[in-house]
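Below is one structure; the comments refer to it alone.
The values are calculated or read from the model by the stated rules, or taken from the named source; none is laboratory data. These numbers come from a predicted model, not from an experiment. Neighbour counts are summed over all protein chains in view; Cβ atoms, including those assigned to glycine, are modelled from backbone coordinates with ideal geometry. Ligands, DNA and RNA are stripped out before the accessible areas are found, and what is left, the full protein with its side chains, is counted by its heavy atoms. Shrake-Rupley method; radii C 1.70, N 1.55, O 1.52, S 1.80 Å.
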Amino acid sequence: MTSVQTGAAQDASVWEKLKQEIKAAGPGLGIDDIGFASADPFVSLKSLLEQSRDKGYASGFEEPDIEKRVHPALKDGEPASLIAIAVAYPSKMVNPPKSEPGAYRGIFARSAWGQDYHQVLRAAMDKLVNFIRERVPEAMIESMVDTGALVDRAVSQRAGIGFSAKNCAIISPKFGSWIFLGELVTNIPFQPDTPVTEDCGECTKCIDACPTGALVGPGQLNSQRCISFVTQTKGFVDEEFMLKIGNRLYGCDTCQIVCPKNRGKNWDHHPEFHPDPEIVKPLLLPLLDIGNREFKERFGQSSAAWRGKKPIQRNAVIALGNFKDKSAVPKLTEVLKRDPRPELRGTAAWALSRIGGEDAMRAIGEAAANEQDGNVLSMLQKAEERLSSSETLPKQPQAGQVSEKQQEEQNNENNALRALQQDLKMEAGIEPGSEQSAQPAKPEAAAWKPSAVTGLHGKPVYYDEILTPIGTLTLCATDEGLCHIDFGAFHVREAHLQQWARTWIGEYRYEKNEEKLSEAAKQLKQYFAGERKRSTCSLIGLEHHSSYKYGKFCPIYLMERPHHTNRLRKSSADPRLFVQFWTPLAKIRFRLLFPVTVSAVETVPWWVM
């Protein structure tokens, strides 16, 4: 036995020996990887969590006290180390049942396959705690899985389990991101492990594939837009998200499925995570009749059951609407007229309007005459409008016959259909791109291709690169006057630039065009050379307001909020925007002048990373 109170000189060798014993014992305890880290506060994480909270990105499921999330603690002692664990889970299902007309199915995320991972990890961690206490009886140890105060991913990254990816998952060099995470806080001073130095490189497949754009940047997640979060909420769901949910009943795996680091990885050595196809890919219609007892019997062992049956039933209604399953009209009509839950009734109205037909129209009209809930009435009204619009649309409209609203609805329809088709391919275990070609695989960096949104269609975003005393700057502009300056070469900042274009333009394509940006590039070069203090360029007017001393390369940052925005409201004829570039040496204020409307200027995001 070992004592925590032994001398410091003796401690190092004793704790190193115990550390190696723990790692060797891991597989026998049901743990696939174990890492050790210091219990120092996660200082840099605090500001990131605060920013996420202030921007409204948090899900609300996490610990509300940020101090607890960044400061490891023990109830009765001083923490000295963190022990991170990882348990791998399967990514593929054997002989998955297929959706067929009249027998469409939903899908659960892989983290909800088999037994609830919280139970499995807690059991494994209890074994680990007992293993340690057999050797160090007085050791203080507290364990947590997912529901603890600390951020699992931050602990795992520090402990060398894997690196933090652009999709906000931890990617293990061996297991990929198909791992559950947990951690122990202890007063035993273990030597920390070395963090993983691997990263995502230039790949942005997860960001490009996210159905709702919830990945607002590399390693930045807006949980409120994440399909995984939306499927777990209990209230009404915005139509934008219902179209993107597809047939997901719980969670979303898209950003993990498309990740090259996960290619070919499937871990089925834990029987407790083996999926029952009829549970994780259930028929949709029977879910609408399931009672509380049956729900608990069928799904109670899954981590998806923690929110109860209502979100899953609501999501099943959404899926039936996205499948446009005409055989579901009678059941959806019953839900619309008789279900006591407003969220289910309103969602059924939306689903019926997606399916269409006389029976759906009649059901919506009859329900509207008796409905009392304001939210449901609003959804019924929208459903009637959608059905009326679809009924009056010509089957083969000629040019100019389709209104902008109808065209928008058709675009949404097409996007939802493509998304659902892609989801079904993913369910079937078809890795993205594998059905297109049997050609030998190329290196990952070279194999990446821009997504459809960066193809030949969409608004052109012109860009050019200029060399300055502080490094390479990438200038971007559109014909409408939306502009952006990024610190770094285009190929380095491409993921960030694509996210910016998706957010503020929608359908776009990048096009290198020195001519379009020649005057702006010329005047910026003159500015940095000290030859110009004021710009006459309509693209980027700039005015020097303080000295800048050259002498070394340094990063530049742009203040998040523009100055003097009150001027924009006062004078539409003079739409100027003041911003400040901050450097470690000095600050520079630029005056930006854009040939666009005031409302457009006020919504333009300005930053240089």
Check: Which residues, taken from the stretch 354-368, are open to solvent by 10 Å² or more (accessible area, probe 1.4 Å) and closer than 17 Å to Met242 by Cβ?
Finding: Arg354, Ile355, Gly356
Next item on the list: Test Ala149 against the criterion of being open to solvent by 10 Å² or more (accessible area, probe 1.4 Å) and modelled with pLDDT of 95 or more, and give yes or no.
Entry: no
Notebook entry, point to check: In the stretch 35-68, which residue that is part of a helix (DSSP H, G or I) and more than 20 Å from the chain's Cα centre (by Cα) is nearest to Glu142 (Cα to Cα)?
Noted result: Lys68
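Across the stretch 67-87, what is the total count of residues that are among the acidic types (Asp, Glu) and surrounded by 14 or more Cβ atoms within 10 Å (Cβ to Cβ)?
First, the residues of the stretch 67-87 that are among the acidic types (Asp, Glu): 67, 76, 78.
Those still in the list that are surrounded by 14 or more Cβ atoms within 10 Å (Cβ to Cβ) too: none.
Residues flagged as among the acidic types (Asp, Glu) and surrounded by 14 or more Cβ atoms within 10 Å (Cβ to Cβ) within the stretch 67-87 amount to 0.
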Next item on the list: Just need a number here: residues in the stretch 154-204 that are in a strand (DSSP E or B) and farther than 25 Å from Gly217 by Cβ.
Entry: 6
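What residue, of Pro41, Pro27, Pro64, is touching a His at 6+ places or on another chain (Cβ under 8 Å) and surrounded by fewer than 16 Cβ atoms within 10 Å (Cβ to Cβ)?
Numbers: Pro27 fails: touching a His at 6+ places or on another chain (Cβ under 8 Å); Pro64 fails: touching a His at 6+ places or on another chain (Cβ under 8 Å).
Exactly one residue qualifies, and that residue is Pro41.
Here's a check for you: in the stretch 152-195, which residue that is open to solvent by 40 Å² or more (accessible area, probe 1.4 Å) and not polar (S, T, N, Q) is nearest to Met125 (Cα to Cα)? Walk me through it before giving the result.
Step one: filter the stretch 152-195 for residues open to solvent by 40 Å² or more (accessible area, probe 1.4 Å), giving 153, 157-158, 164, 173-174, 189, 191-192, 194-195.
Now restrict to residues that are not polar (S, T, N, Q): 153, 158, 173-174, 189, 192, 195.
Details: Arg153: 17, Arg158: 19, Pro173: 22, Lys174: 21, Pro189: 19, Pro192: 19, Pro195: 22 Å.
Going through the qualifying residues, I end up with Arg153.
Which count do you get for residues in the stretch 266-291 that are within 25 Å of Gln119 (Cβ to Cβ), surrounded by 20 or more Cβ atoms within 10 Å (Cβ to Cβ) and of a type outside the set (Phe, Trp, Tyr)?
Here is the first cut: in the stretch 266-291, the ones within 25 Å of Gln119 (Cβ to Cβ) are 266-282, 287, 290-291.
Filter once more, so that each one left must be surrounded by 20 or more Cβ atoms within 10 Å (Cβ to Cβ): 273, 275, 280-282, 287.
Next, only the ones that are of a type outside the set (Phe, Trp, Tyr) stay: 275, 280-282, 287.
Of the residues in that region, 5 qualify.
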Notebook entry, point to check: If you scan the stretch 123-140, which residues turn out to be of a type outside the set (Gly, Ala, Ser) and open to solvent by less than 20 Å² (accessible area, probe 1.4 Å)?
Noted result: Met125, Leu128, Val129, Ile132, Val136
Checklist line | Residue that is surrounded by the most Cβ atoms within 10 Å (Cβ to Cβ) [pool: residues in the stretch 207-236 that are under 9 Å from the mean Cα position of the chain (by Cα) and part of a helix (DSSP H, G or I)] | finding: Ile207
Note to self: I want to confirm something. Restricting to the stretch 461-520 and keeping residues that are in contact with a Gly (Cβ under 7 Å, 6 or more places away or on another chain) and among the charged types (D, E, K, R), which single residue is surrounded by the fewest Cβ atoms within 10 Å (Cβ to Cβ)?
What the structure shows: Glu507
Note to self: Which residue is least open to solvent (accessible area, probe 1.4 Å), if the candidates are limited to the stretch 369-382 and must be farther than 15 Å from Met242 by Cβ and of a type outside the set (A, V, I, L, M, F, W, C)?
What the structure shows: Glu371
